[in-house]
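Report on the structure given below.
None of the figures in this text is laboratory data; all of them are computed from the coordinates on show. Remember, it's a predicted structure, so these values are computed and weren't measured experimentally. Here the Cβ positions follow ideal geometry from the backbone for every residue, glycine too, while neighbour counts run over all protein chains shown.
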Amino acid sequence: MNKERSFYITTAIDYINGPPHIGHAFEKIIADSIARYNRLKGYDTFYLTGTDEHGKKNFETAKDKGMDPRNFVDMMAPKFIELVDILNLSIDNFIRTSDKEVHYPTVRDIWKRLEENGDIYKKEYHGLYCSGCESFVKKRDLEDGKCPDHDKEPELVSEENYFFRLSKYADEVKRLIESGEMEVYPKSRRNEVLDMIEDGPDDVSFSRERETLPWGIPVPGDETQVMYVWCDALTNYLSGIGYTTDKDRFEKYWPADIHLIGKDIHKFHALIWPAILLSAGLETPEMILIHGFFTVGGRKMSKSLGNVIRPDKEVEKFGVDPTRYALLTAIPTLEDGDFSEEILVEKLNSELADNLGNFVNRSLKFTKNSFGNIPHVDDLDEEGKEIFDEVVERIEDIEKEMEEGFHLHRALKKVMEISSIGNRYFQENEPWETVKNDAEDCKQTLYICANIVKSLAIVSEPFMPETAERIWEYIGQKTDIHEESWDKSKELGLGNQKIKDPEPLFEKIDKEDIPDMIHEDETEVDSGNDNLKNKNKISGGEKNMISFDEFKKLDIRIGEIKKVEDIENSKNLFKLTVDVGEETKQSVGGFKGHYTKDQLEGKKLPVLVNLEPSELMGVKSECMILAAVAGNKKPVLLEPEGDLEAGTGVA
């Protein structure tokens, strides 16, 4: 297999039982930066990401919302696909594990290979199952009886499942890791995986009973079982490059050069996945690259804490490249770190605007005003040569950080150092003075500065592609920077190009002018069901910012609940008949289990009246009863003071 000039990188695929948060974005941006860098280095690169759409978490969430699992994943997947455009990701394929044409055939083929090799068998299983991890756990791994990652007690499961002989391949996986044939990086994570193997891994459950989990890929030859996550989700790395649909593409890119994952799933990728590949007769990946996690404002990101950050809102407020830059520099790539909007604003102002943006803008604007074109100089003096040699040294440092350690935060520090070199050189040579009496000296200064700008455009492209594209256009380049050669960043020669009048790359922000998106107490306007249209957050971690004029359009009135009825097959929802003054409307609300019918009937509560009707569990909902919800706690009824009549407007 010839992979000499190809490069294949993947991310973990995301569960879609909730909308994407900034943690999802972090991993995608790291992978994108590595993919873009390798393209500039001349590698035929393939970048895969996607969504994990089966499993108990997605099934239970769909059930709680009164939705069919297929409809639920079809509703949620686009939210993750949208991240591609929001974050300017250069992906080559987005794989969905519910794809019956591309993914299902791969999963079935791998299952049959393992079965034919004698590595799948059926037995009765009794064990603890954590739905958050989507895996069985051992009692010794629990803390106070709870999963340490999800702070919840696992459920005791007893059922007949198919199992995969992981124990058969443990020694070979250990050999691959220790020899470096399959690198697990960084070293600390490598040692953790080796410790797992040293403990003697058990065979792993490979299926669930269809009665317990009806949402999944059926086991070939046994419709009473559905495949468990290992054979289903992990094989996306094969199906995503055409394992059964495009043989040439598959042979071109497999094995993967990098599986980029978070530290919570390294056991699955560095132990179970290579064992599956060994049984199937396929090559194992070159590297499992494991990034760290981050806190938000010093606290673990949690919906109940109200500090969940949505990447689309960050990009909307600050721009895509400042968001990418802040995430990549605030958090050490392979370690844990902390992120906040304060950090983002500080980096935007002091590093992007004052350093990079300032140098590009002032040097190009002065050149444009003085000469129109970038001057070309054949013979540089020693200072000019030394300055550009400094730039080349920093570029080589970037290469080392990207290729030897995957320290993207350090690589970006070197990018900023290049900009600092340019700023210093421009300032010390005072072209605004030399242009008056020594045009040739001035031309050399501006020639060097323009070439530093060119270098900055290329070395910034993996991390801030939109910014790089703008700079490229400013210096008169007609080629597509995304297809440019990295080596060009280390070469002089830019000259005589006409400069486009540059606009500021970054606008500084006064933090006081930015409405905070992160709030410790997440309170939201909620009918009790997330599927209702026009749900509006009014305070807290994921609020949607609306203008006062838009807010005035909301018709909120006092409504009196006249009747409360059960909805067939729903454990969460009530059908409510509500008097809103001049008319009676019907609402579907998630109050069941929190309030009895008697507690609700006769209540006078604020109701959002002018909603587009929707349908839940086959029941029409025309309005929304407003309640305060803190995390996953009981909804609090917002009862007004005094005896207000139904239909009274709420300002």
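Annotations for the structure displayed:
- Working note: Cα atoms of the stretch 163-202, range along each principal axis, descending, whole Å: 30, 18, 14.
- Taking a straight line from the alpha carbon of K553, these lysines sit under 20 Å away, with near neighbours fewer than eight places off in the same chain left out: K533, K535, K537, K543, K585.
- Under 5 Å, built H, 5+ apart or other chain: amide partners of S207: Y162, Y228
- In terms of other Cβ atoms within 10 Å, D119, D487, D64 run from fewest to most in the order D487, D64, D119.
- Built amide H within the under 5 Å cut-off of G589, gap 5+: F574, L576
- Estimated vicinal HN-Hα couplings, Hz - the stretch 599-612 in sequence order (Karplus 6.51, -1.76, 1.60; Gly, Pro = x): 5, 8, 4, x, 5, 10, 9, x, 10, 7, 8, 8, 9, 5
- Per-bin percent of Cα-Cα distances, the stretch 227-362 [5 Å]: 2, 8, 14, 15, 13, 12, 13, 11, 8, 4, 1, 0, 0
- With all projection directions averaged, the alpha carbon convex hull of the stretch 6-291 covers 14.5 nm².
- Among residues other than A170 with Cβ under 13 Å from its Cβ, the summed charge is -4 (Lys and Arg +1, Asp and Glu -1).
- Cβ crowding within 10 Å averaged over residues, with 315-321, 191-197 ranked highest first: 315-321, 191-197
- Least to most buried among E386, E466, E4, E461 (fewest other Cβ within 10 Å first): E4, E386, E466, E461
- Centre separation in Å (Cα based) which lies between the stretch 129-208 and the stretch 398-447: 49 Å
- Summarising the amide proton neighbourhood of Y15: residues at separation of 5 or more, or on other chains, whose placed amide H is nearer than 5 Å comprise D52.
- Cross-link reach list, aspartates and glutamates versus K575, counting only Cα pairs under 19 Å and skipping chain neighbours closer than eight places: D64, D526, D530, E560, E565, D566, E583, D598, E601, E612, E615, E622
- Along the stretch 485-502 the Karplus relation, 6.51 cos²θ - 1.76 cosθ + 1.60 evaluated at θ = phi - 60°, assigns HN-Hα couplings of 8, 4, 4, 5, 5, 9, 10, 7, x, 5, x, 6, 6, 7, 8, 7, 4, x Hz to successive residues, with x for each Gly and Pro.
- One quarter of the convex hull surface built on the alpha carbon atoms of the stretch 80-235 amounts to 11.8 nm², the projected area averaged over directions.
- Span from the the stretch 242-293 Cα centroid across to the the stretch 84-127 one, whole angstrom: 12 Å
- Of the Cα atoms belonging to the stretch 330-490, the radius of gyration and Dmax stand at 16.3, 54 Å.
- The chain: antiparallel DSSP beta bridges as a percent of all, rounded to 5: 70 percent
- Degrees between helix 187-198 axis and first principal axis of the chain (Cα, 0 to 90, nearest 10): 40 degrees
- Derived scalar couplings ³J(HN,Hα) [the stretch 52-62; Karplus, 6.51 cos²θ - 1.76 cosθ + 1.60; whole Hz; x for Gly, Pro]: 9, 10, 9, x, 5, 4, 5, 5, 5, 5, 4
- Per residue, the chain reaches -11000 deg cm²/dmol at 222 nm when only DSSP H runs of four or more residues are counted, each adding -39500 (n - 2.57).
- Relative contact order, whole percent, for the chain stands at 12, derived from Cα pairs under 8 Å and 6 or more residues apart.
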